[in-house]
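Chemist: Input: one structure, supplied below.
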Amino acid sequence: MSLELVHTIAQTRALVAEARRRGRTIEFVPTMGALHEGHGSLMDLARRPQGFLVVSIFVNPIQFDRADDYERYPRTLESDVEFCQARGVDLVFAPAIEEMYPQPQRAFVEVTGLTEHLCGRFRPGHFRGVTTVVAKLFGIVQPDRAYFGEKDAQQLAVVRRMVRDLNMPVQIVAGPTVREPDGLAMSSRNRRLTPEERRAAPAIYRALQAAAAVVAAGAGGTVEVRRAALAVLESEPLLRIEYLEIVDPDEIQPVAEIDREVLIACAVWAGNTRLIDSVRARPPHAA
Ligand code: AMP
C-alpha cells in the first residue's frame, strides 16, 4: 500500500470518493505537520481495517495571533510524509495557502462561551481560525471520524461543540496526551526550545500533577489547587506563567468549587516559545 501525497482539494475529493466507493470509511487526522509521536498515536487510533486514513498537513495562518509564531512554526514536509508512510496513512493532503484561501476568507465558524477562557483569552481570533479551518477541512475530506488530541483540551472541547451545534456528520474521537519520558507533552514547538529551556519545561507537567494530587485527595478548593501548581512553576526561573486555570472540561468555564471532574490547564512561556498542557482531575466521591 503506497501513500498518495496531494496538494489540491479536487484530488483529495476524488481519492476520498473513490475510497468510499470501494466501501471504506474515511478516518481523518488534521495536523500542522512537524509530526511527532503525539500525532502518531492519533494515526494509530485512526487506522482501521476498512478505513481510508487521511492526514492533512497545513500550517493555518488564520489561527496564529502572532506573525513571528507563524513564521517560526517548523515546516518539515518531507520527513512528515515519511512518518505518515510508516504509520500506514493512505492520503496526505498538504495544500498551499492559496489552495485553502484563494481569496480573502469572509465566512467564519465561531464557537462562543467555550473560547472565552484559557487560550481564548490570550490568543484573540485563535479559535475562530481553528474552527474555520477544521470546518473547511471537514467539508473537503468529509470524514466519518476525525481524531484530536487531549493535549489541546480546549480545542477538543471547541471542535466537539462546533460539530454538535452545527450538526456536522462526523464523529470526534479523542486521543490521550503523549509525553516525553520526563513528562513534557510532545509538541511541534518543543523543537524551538534551547537546551536550558528544554530542561526546565518538564516542571509544567509536574506542576499539573501536583495540582491534580490536591484535587484527588480532596485536600482543598481552587485556591489550594492553584497554589500547589504555582509553587512548582515558580521554582523554575526560565518559565513564565501566562495562565493556570481550573475549568469545567466541557464548557471551559472556571469552577468555583471542585465537586466534579475538572480540567487544570496552563500556558507557560519558555523564552519565546509558548507551551500548553492540561490534566483532568476528579475529587474523591465525585458524581
Ligand atoms: P498540531 O499539529 O499541533 O495542530 O496537532 C494536531 C493534532 O495532534 C491535534 O489534535 C493535537 O491535539 C494533537 N496532538 C499534538 N500534540 C499531541 C500530544 N503530545 N499528544 C496527543 N495529541 C497531540
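Chemist: With a bin width of 10 angstrom, please list the P(r) values of the chain as percents of all Cα-Cα pairs, from the 0 bin to the one holding the largest distance.
Modeler: Pairs per bin, as whole percents: 6, 27, 35, 22, 9, 1.
Chemist: How much net charge surrounds Gln63 when only the other residues with a Cβ under 9 Å from the Cβ of Gln63 are counted, with Lys and Arg +1 and Asp and Glu -1? Please report the intermediate quantities before stating the final value.
Modeler: Values: positive: Arg123, Arg128; negative: Asp65.
Its environment carries a net charge of +1.
Chemist: While we're looking at this one, here's another question. I'd like to compare 86-96, 51-61: which one has the highest average count of other Cβ atoms within 10 Å, and what's the full order after that? Mind dumping the intermediate values first?
Modeler: Values: 86-96: 19.2, 51-61: 22.1.
For the peptides 86-96, 51-61, the packing ranking is 51-61, 86-96.
Chemist: What are the extents of the Cα atoms of the range 4-175 along their three principal axes, listed from largest to smallest and rounded to whole Å?
Modeler: So the three principal-axis extents are 44, 34, 33 Å.
Chemist: Compute the relative contact order of the range 1-145 as a whole-number percentage, counting only Cα pairs closer than 8 Å that sit 6 or more residues apart in sequence.
Modeler: Answer for the range 1-145 is 35 percent.
Chemist: Report the extension gain between Glu18 and Glu224 in nm, rounded to one decimal, defined as 0.36 nm multiplied by the number of residues separating them, less their alpha carbon distance. Could you put the intermediate results ahead of the total?
Modeler: On the way: separation 206, 0.36 × 206 = 74.16 nm, distance 5.59 nm.
Gain in length upon complete extension: 68.6 nm.
Chemist: Using +1 at the Cβ of each Lys and Arg and -1 at the Cβ of each Asp and Glu in the chain, identify which of Ala107, Gly33, Thr177 lies farthest towards the dipole's positive end.
Modeler: Of the listed residues, the answer is Ala107.
Computed from the coordinates by the stated procedures, all read-outs in this text should not be read as laboratory data. Please read these numbers as outputs of a predicted model, since none were measured by experiment. Note that we place each Cβ from the backbone using ideal geometry, even for glycine, and neighbour counts take in every protein chain shown.
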